[in-house]
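What follows is a single structure, written as structure tokens, with notes after it.
The values are calculated or read from the model by the stated rules, or taken from the named source; none is laboratory data. Every value quoted in this text rests on a predicted model; they were computed, and no experiment measured them. Neighbour counts run over all protein chains shown; Cβ positions are idealised from the backbone, glycine included.
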Amino acid sequence: MRHCRTGWISDVHLGTRGCQAEALLHFLKCYEFETLYVVGDLIDVWALKRGIYWPQAHSDVIQKLLRAGRKGTQVIYIPGNHDEFVSGFHGEYGAVTVMPRAIHTTADGRRLLVIHGHELDAVVQNIKWLAHVGDLGYALLLRLNTPINWFRKLFGLSFWSLSAAAKRQVKSAVNYIGAFESAVARLVKMEKDVQGVVCGHIHTPAIRNIGDLEYFNSGDWVESLTALIEDQSGVIELVVHTGHSEPLRNVAPETPEPAVAPLGPNALS
């Protein structure tokens, strides 16, 4: 097990068939944290309202997070749009603190704003019925991932997302991501003494600079299977789960502009 100063996970979407709970459990077994941020959409209440789907692995994720808190990890839960019901319960609950946003100070003194990101999504904030329609279409794509990956597993192949591959071909998806990241950058510039931002929401993992600001997106546990970790010196890395005995650590100090980037359900939800 690797000990890290900080971790960030987002967009787990427990309660959906697309949630890769087993992969997340494996990641949480491989890493322990002094502070762990759950950056929104841990539970997908939108999906649960359409029908109950809750296998044991989804309960195991909740138990694993609570157990980490009991063992000394400070768990900070920042609700997103799919679990917005939690936003009415800000405060401390044992080892778990629920808050709308946070400021994280890295080991080397940088201050990072931590938000889910739906606050910057005009569709979610202003046209909620359209957001739910987009969520239904995305759920259909995710359901197709299951049989495809069952066959891939038979041939020893790793996880592959049909939904992500389809959306990489959609120009509007790329434009959406660029607009979202620009909006995040504008928000951070309004914050006092903040050098960067950590968010989720669009299911597009990234570590890069936007001008003089640091932009970190922890991705998701539906398509990307990614998280962010900070070591004791303040270096932040993107971790990609590969399905093997250990997650793959992918050090990415800066990634290029997303020419063809996947788009998650929260683009329209």
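How many of the residues making up the stretch 36-69 are in a helix (DSSP H, G or I), in contact with a strand residue (DSSP E or B) (Cβ under 7 Å, 6 or more places away or on another chain) and in contact (Cβ under 8 Å) with a residue 40 or more places away in the chain?
Looking only at that region, the number is 3.
Somewhere in the stretch 211-219, is a residue under 24 Å from ASN81 (Cβ atoms), touching a Lys or Arg at 6+ places or on another chain (Cβ under 9 Å) and hydroxyl-bearing (Ser, Thr, Tyr)?
So far as the stretch 211-219 goes, yes, one or more of its residues are under 24 Å from ASN81 (Cβ atoms), touching a Lys or Arg at 6+ places or on another chain (Cβ under 9 Å) and hydroxyl-bearing (Ser, Thr, Tyr).
Going through the stretch 191-214 one residue at a time, which ones are acidic (Asp, Glu) and either over 19 Å from the mean Cα position of the chain (by Cα) or not in a strand (DSSP E or B) (or both)?
Hits for the stretch 191-214 are GLU191, ASP193, ASP212.
Among (1) surrounded by 14 or more Cβ atoms within 10 Å (Cβ to Cβ); (2) part of a helix (DSSP H, G or I), there is one condition PHE85 misses while meeting the rest; what is its number?
Checking PHE85 against (1) surrounded by 14 or more Cβ atoms within 10 Å (Cβ to Cβ); (2) part of a helix (DSSP H, G or I), the one that fails is (1).
Under 15 Å from the mean Cα position of the chain (by Cα), under 18 Å from VAL188 (Cβ atoms), modelled with pLDDT of 95 or more and of a type in the set (Lys, Arg), is that true of ARG110?
no
In the list LEU14, LEU66, which residue meets the criterion of being surrounded by 23 or more Cβ atoms within 10 Å (Cβ to Cβ) and either modelled with pLDDT under 95 or of a type outside the set (Gly, Ala, Ser) (or both)?
Among LEU14, LEU66, only LEU14 is surrounded by 23 or more Cβ atoms within 10 Å (Cβ to Cβ) and either modelled with pLDDT under 95 or of a type outside the set (Gly, Ala, Ser) (or both).
What are the residues in the stretch 49-101 that are small (Gly, Ala, Ser) and farther than 16 Å from CYS19 by Cβ, if any?
We begin by selecting, within the stretch 49-101, every residue small (Gly, Ala, Ser); these are 51, 57, 59, 68-69, 72, 80, 87-88, 91, 94-95.
Within the stretch 49-101, ALA68, GLY69, GLY72, SER87, GLY88, GLY91, GLY94, ALA95 meet the criteria.
Output the residues belonging to the stretch 30-47 that are modelled with pLDDT of 95 or more and over 17 Å from the mean Cα position of the chain (by Cα).
Within the stretch 30-47, GLU32, GLU34 qualify.
Any residue that is part of a loop (DSSP other than H, G, I, E, B), modelled with pLDDT under 90 and either β-branched (Val, Ile, Thr) or under 18 Å from the mean Cα position of the chain (by Cα) (or both) - is there at least one of those in the stretch 179-190?
No.
Please verify whether the stretch 70-84 includes one or more residues that are in contact with a helix residue (DSSP H, G or I) (Cβ under 8 Å, 6 or more places away or on another chain), of a type in the set (Phe, Trp, Tyr) and under 12 Å from MET99 (Cα atoms).
Here is the first cut: in the stretch 70-84, the residues in contact with a helix residue (DSSP H, G or I) (Cβ under 8 Å, 6 or more places away or on another chain) are 75, 77, 79-84.
Narrowing further to those that are of a type in the set (Phe, Trp, Tyr): 77.
This time we only want the ones that are under 12 Å from MET99 (Cα atoms), so: 77.
Yes, the stretch 70-84 has at least one match.
Could you grab me the full set of residues in the stretch 191-247 that are crowded, with 17+ Cβ neighbours inside 10 Å and hydroxyl-bearing (Ser, Thr, Tyr)?
Correct list: THR204, TYR215, SER218, SER224, THR226.
Could you figure out which of (1) in contact (Cβ under 8 Å) with a residue 60 or more places away in the chain; (2) out of contact with any Asp or Glu (no Cβ under 7 Å at 6 or more places or on another chain) isn't true of PRO79?
The single condition PRO79 does not satisfy is (1).
Considering (1) surrounded by 18 or more Cβ atoms within 10 Å (Cβ to Cβ); (2) part of a strand (DSSP E or B); (3) not charged (D, E, K, R), say which one ILE103 fails and leave the rest.
Condition (1) is where ILE103 drops out.
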